[in-house]
Amino acid sequence: MEKKRRLLYVEDEVDLGNVVSQYLEMVGFDVVWVKSASDAHHAFNSFEAFDLMLIDVQLPDYNGFQLAEEINQKAVGQAFLFLTARREKKDRLQGLNIGADDYITKPFDVDELVLRIRNILKRLDFQHAKVLHQHESFITQIGDIQINQNTHKMYFPDGKQIDLTLREMQVMLYLNKNQGALLRREDILVQIWGENDYFMGRSLDVFISRIRKFLKHSQRLSIETVYGSGFIFRISAL
């Protein structure tokens, strides 16, 4: 079953709050309704996370803009939608400048509110998926280690981190791409260094030796030397 999206609804008008919170629950949201900014702070600290906050601008203790700014200091990037009877342009701009994802004026149609909420969540899901894809695109999992191609760091299961040179990283990625296959020395040299040269070959030996030392922190990775031919990179089963 898909997890319900949790909303923090901050509204001091009891009749409106009852109607809106019940309707949002009916259409599938998990709603926490509070009636003041101080109660909103308490709820925000009590729950693991909220997918979206719906904040009335006119609250009994202080205004919703201030509440949003304070929440933003605790959780940068928290999504907001402001609800207000104010129709002045400066108020809408203030809300948007704080980082509001949307702004709806009272009185509003509750179905329109639901549509706006779903549009915000859909947009946030897309942004999250995009960031996740970008992150995954430069993190390469090789057996029980990871290589970050942006930072050239190698991460091991024991928590150790090693900084790789560009060449070391290129050799590791090439070995991984051809795991289990016999890689001739000359093929590695041409692919990584661009030419098959005696002195480049000596450099390759140094890189392989260094990488072998790194892989002592791995339980699954090894480089086998096939004398007179080349190397085989192996990833053992779990």
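The values are calculated or read from the model by the stated rules, or taken from the named source; none is laboratory data. Because the structure is a prediction, the values reported are computed rather than measured. Here Cβ is always computed from backbone atoms with ideal geometry, including for glycine, and neighbour counts include all displayed protein chains.
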- request: Output yes when any residue across the range 97-119 is hydrophobic (A, V, I, L, M, F, W, C), touching a Phe, Trp or Tyr at 6+ places or on another chain (Cβ under 8 Å), modelled with pLDDT under 85 and not assigned by TED's automatic domain parsing to the domain that holds Q219, and no when none is.
  value: yes
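For residues that are of a type in the set (F, W, Y) and out of contact with any Gly (no Cβ under 8 Å at 6 or more places or on another chain), tally how many sit in the range 51-89. Walk me through how you get there before you give the answer.
Within the range 51-89, the subset of a type in the set (F, W, Y) is 62, 65, 80, 82.
The next check asks that each one be out of contact with any Gly (no Cβ under 8 Å at 6 or more places or on another chain); those that pass are 62.
The number of residues fulfilling the criteria is 1.
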